[in-house]
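Asker: My questions will all concern the structure given below.
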Amino acid sequence: MATVMVVDDERHIRELVRLYLEDEGLEVVEQSDGISAWEYYNSQPVDLIVLDVMMPRMDGWELCRRLRAAGDKPVLMITAKGESLDRIRGFQLGTDDYLVKPFEPMELVLRVKALLKRYRISISETIRLGGITLDMTSYQIRYRDTGRSESIPLKEFELLAALAGYPGKLQTRDELIQKIWGYEYEGDERTVDTHIKRLRERFGAYERDFKIVTLRGLGYRLEVYRD
C-alpha cells in the first residue's frame, strides 16, 4: 500500500484529502507544518507528498526544496495562489504537479494516482482476508476454496473494505459514515450497525479468518486471524 504524506496547517483540508485518498486504498499520514513533515520524512517511509505552500515554521517552498534535494519522491503542491510566477517557482524547486485552492477532491485523487503511476508506485487493488479476497477494481468478493466470485451490495462492500484496509484499527460510526455515505448523509447513524450485521451474517463461515468486533460506545474494528 502506497503512503501519502499530506502537509497542510488547515486541519479540515488534511481530513478531506485523507478521506478521499483512503477511499482509493492509500495510506495517509497527516502533518501540520513543514518541520514536522521533514522530520517524519527522514524517519518513516513515504511514497508521495501533498503539501501546502503557506505554512508556519517552514513553508512549502523550503520543504519542497529539501525533499527534492533528498530524493525523487513525487511532490504535489497545493496553494491558494494561482499566479503563474508561483507555479513557475514550484516547478523550479522540483514539484511534480500543482493544484490551486479551492480544488475538487476527485481532481486531487486523479493527480495523485497519475503521479504514483508515473513513478511506478503500486496501489493495492486487492485486500485478502483469509479465504476471501476483496477485488477493489471490480468490487467483487473472490472465494479461495471454490474459486467463485460474487458481487454484494455496494455499501456492504465499501464498509468491509474500509474496515479491512486498516485491520486492528478502531473506526467510529461517524468516520465510517463519512467514508461510505459522505458528509452530506442525514440518515440514521445506526445504518452502520445494520450493514455490520449483514456482513457478519454473510461471512459467518469465515470467522476463523477474520471478525468484525464491536467496541461498545466507540465503533468497530476488524481483526484478521490468518491471511
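Asker: For the stretch 124-170, which residues satisfy the criterion of being within 16 Å of the chain's Cα centre (by Cα) and buried (at least 16 other Cβ atoms within 10 Å of the Cβ)?
Answerer: Across the stretch 124-170, the qualifying residues are 127, 136, 158, 159, 160, 161, 162, 163, 164, 165.
Asker: Tell me the residue from 141, 152 that is closer than 15 Å to residue 199 by Cα, assigned to a strand (DSSP E or B), aliphatic (A, V, I, L, M) and not assigned by TED's automatic domain parsing to the domain that holds residue 74, please. Write out each step before concluding.
Answerer: Numbers: 152 fails: assigned to a strand (DSSP E or B).
Checking each option against the conditions leaves just 141.
Asker: With respect to residue 200, is the statement that it is in contact with a strand residue (DSSP E or B) (Cβ under 8 Å, 6 or more places away or on another chain), in a helix (DSSP H, G or I), surrounded by fewer than 18 Cβ atoms within 10 Å (Cβ to Cβ) and not β-branched (Val, Ile, Thr) true? Please lay out each step first, then the result.
Answerer: On the way: in contact with a strand residue (DSSP E or B) (Cβ under 8 Å, 6 or more places away or on another chain): yes; in a helix (DSSP H, G or I): yes; surrounded by fewer than 18 Cβ atoms within 10 Å (Cβ to Cβ): yes; not β-branched (Val, Ile, Thr): yes.
Against the criterion (in contact with a strand residue (DSSP E or B) (Cβ under 8 Å, 6 or more places away or on another chain), in a helix (DSSP H, G or I), surrounded by fewer than 18 Cβ atoms within 10 Å (Cβ to Cβ) and not β-branched (Val, Ile, Thr)), residue 200 qualifies.
Asker: If we keep just the residues of the stretch 180-197 that are of a type in the set (A, V, I, L, M, F, W, C) and closer than 14 Å to residue 160 by Cβ, which is surrounded by the most Cβ atoms within 10 Å (Cβ to Cβ)? First the steps, then the outcome.
Answerer: Filtering the stretch 180-197 for residues of a type in the set (A, V, I, L, M, F, W, C) gives 180-181, 192, 196.
From the residues that got through so far, the ones that are closer than 14 Å to residue 160 by Cβ too are 180, 192, 196.
Details: 180: 20, 192: 22, 196: 19.
Looking at the filtered set, the residue picked out is 192.
Asker: Out of (1) at pLDDT 90 or above; (2) closer than 16 Å to residue 133 by Cα, the odd one out for residue 167 is which?
Answerer: (1)
Asker: Of 34, 25, 60, which residue is touching a Gly at 6+ places or on another chain (Cβ under 8 Å), assigned by TED's automatic domain parsing to the domain that holds residue 105, touching a residue at least 24 places away in the same chain (Cβ under 8 Å) and on the phi > 0 side of the Ramachandran plot?
Answerer: Values: 34 fails: on the phi > 0 side of the Ramachandran plot; 60 fails: on the phi > 0 side of the Ramachandran plot.
25 is the lone residue from the list that is touching a Gly at 6+ places or on another chain (Cβ under 8 Å), assigned by TED's automatic domain parsing to the domain that holds residue 105, touching a residue at least 24 places away in the same chain (Cβ under 8 Å) and on the phi > 0 side of the Ramachandran plot.
Asker: Related question: Restricted to the stretch 1-28, and to residues that are surrounded by fewer than 17 Cβ atoms within 10 Å (Cβ to Cβ) and of a type in the set (A, V, I, L, M, F, W, C), which residue is modelled with the lowest pLDDT?
Answerer: Result: 1.
Asker: Can you work out which of the residues in the stretch 204-215 that are of a type outside the set (D, E, K, R) and free of Cβ contacts under 8 Å to residues at least 24 places away in the same chain is farthest from residue 159 (Cα to Cα)?
Answerer: Of the stretch 204-215, the ones of a type outside the set (D, E, K, R) are 204-206, 210, 212-215.
Next cut, free of Cβ contacts under 8 Å to residues at least 24 places away in the same chain only: 204-205, 213-214.
Values: 204: 16, 205: 19, 213: 14, 214: 14 Å.
Looking at the filtered set, the residue picked out is 205.
Asker: Given 186, 201, 223, which one is farther than 20 Å from residue 19 by Cα and free of Cβ contacts under 8 Å to residues at least 40 places away in the same chain? Before the answer, list the steps.
Answerer: Numbers: 186 fails: farther than 20 Å from residue 19 by Cα; 223 fails: free of Cβ contacts under 8 Å to residues at least 40 places away in the same chain.
The match here is 201.
Asker: Moving on to the next point. Does the stretch 4-21 include one or more residues that are over 20 Å from residue 117 (Cα atoms) and among the β-branched types (Val, Ile, Thr)?
Answerer: Scanning the stretch 4-21 turns up at least one residue that is over 20 Å from residue 117 (Cα atoms) and among the β-branched types (Val, Ile, Thr).
The values are calculated or read from the model by the stated rules, or taken from the named source; none is laboratory data. Bear in mind the structure is a predicted one, so any value in this text is a computation, not a measurement. All Cβ positions, even for glycine, are placed from backbone atoms using ideal geometry, and neighbour counts span all protein chains on display.
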